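Undergrad: To start, I am sharing the structure in question, which I have written as structure tokens.
The values are calculated or read from the model by the stated rules, or taken from the named source; none is laboratory data. Everything numeric here is computed off the predicted structure, so don't read it as measured data. Because the Cβ atoms are built from the backbone with ideal geometry, glycine has one as well, and the counts that use them run over all protein chains shown. These area figures cover heavy atoms from the full protein model, side chains too; ligands, DNA and RNA do not enter into them. Shrake-Rupley method; radii C 1.70, N 1.55, O 1.52, S 1.80 Å.
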Amino acid sequence: MYKIIIVEDELLTRKGLIQTIPWSEHGCEVVGEASDGQEGIDLALQANPDIVITDIHMPVVDGLTMIETIKKQINCEFIIFSGYGQFAYAKKALALGARGYLLKPVDDDEFLQVLDDTIQTIQQKRRYQKLMEQVETPEAKVPSFLEKYLEKDPTSCGERYLVDAIH
């Protein structure tokens, strides 16, 4: 299960998101919620989530500052909900590595697509990390999971280069 935290100052939006999204169908579980950016930072450091879903404009610490702070300490992905469609916010969010910038009110189908894309990104990072751990072993042989993966998708560029380097 992918661990999710939701940081949103609007109570109805936060609770609605928690209760209406079929999280388990996407392999996710909401492990915490916060109502401002500072609570979000504290929660993220405690829960070590895979994905943080956040608003931008919140009291105490805004969402973008929260993302900058969390990124320095935790490897996770971010999806942003915002009532502000200003290009500067979206540009900064993308520069910080946000996987999505969705305008409120959020369309469920659009959100689920961004969530699924984010999960795929996490899976790719984990496969890469696993491969790097294998490469660092003295045997340095291609792990069986990768051989099977490459049989299905031999064009996976980054993984293909690593396998070629091992051989």
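Undergrad: Could you grab me the full set of residues in the range 44-70 that are open to solvent by 10 Å² or more (accessible area, probe 1.4 Å), touching a strand residue (DSSP E or B) at 6+ places or on another chain (Cβ under 9 Å) and at pLDDT below 95?
TA: Hits for the range 44-70 are His57, Met58, Asp62, Leu64.
Undergrad: Determine whether the range 72-84 contains at least one residue that is part of a helix (DSSP H, G or I) and either open to solvent by less than 100 Å² (accessible area, probe 1.4 Å) or out of contact with any Leu (no Cβ under 6 Å at 6 or more places or on another chain) (or both).
TA: Applying the first criterion (part of a helix (DSSP H, G or I)) to the range 72-84 yields none.
No; the residues of the range 72-84 include none that is part of a helix (DSSP H, G or I) and either open to solvent by less than 100 Å² (accessible area, probe 1.4 Å) or out of contact with any Leu (no Cβ under 6 Å at 6 or more places or on another chain) (or both).
Each row is one residue, and each column tells you yes or no for (1) within 18 Å of Ile4 (Cβ to Cβ); (2) at pLDDT 80 or above; (3) of a type in the set (Ser, Thr, Tyr).
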site	(1), (2), (3)
Tyr89	no, no, yes
Gly100	yes, yes, no
Leu112	yes, yes, no
Asp117	yes, yes, no
Ile122	yes, yes, no
Gln129	no, yes, no
Glu133	no, no, no
Pro138	no, no, no
Glu151	no, no, no
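Undergrad: Output the number of residues of the range 50-72 satisfying the condition of being in contact (Cβ under 8 Å) with a residue 40 or more places away in the chain and closer than 15 Å to Ile5 by Cα.
TA: Result for the range 50-72: 8.
Undergrad: Another question about this same structure. How about the range 85-106: which of its residues are charged (D, E, K, R), over 14 Å from the mean Cα position of the chain (by Cα), surrounded by 13 or more Cβ atoms within 10 Å (Cβ to Cβ) and more than 14 Å from Asp62 (Cα to Cα)? First the steps, then the outcome.
TA: Quick first cut of the range 85-106, residues charged (D, E, K, R) only: 91-92, 99, 104.
If we keep only those that are over 14 Å from the mean Cα position of the chain (by Cα) too, we end up with 91-92, 104.
From the residues that got through so far, the ones that are surrounded by 13 or more Cβ atoms within 10 Å (Cβ to Cβ) too are 92, 104.
Within the range 85-106, Lys104 is the sole residue that qualifies.
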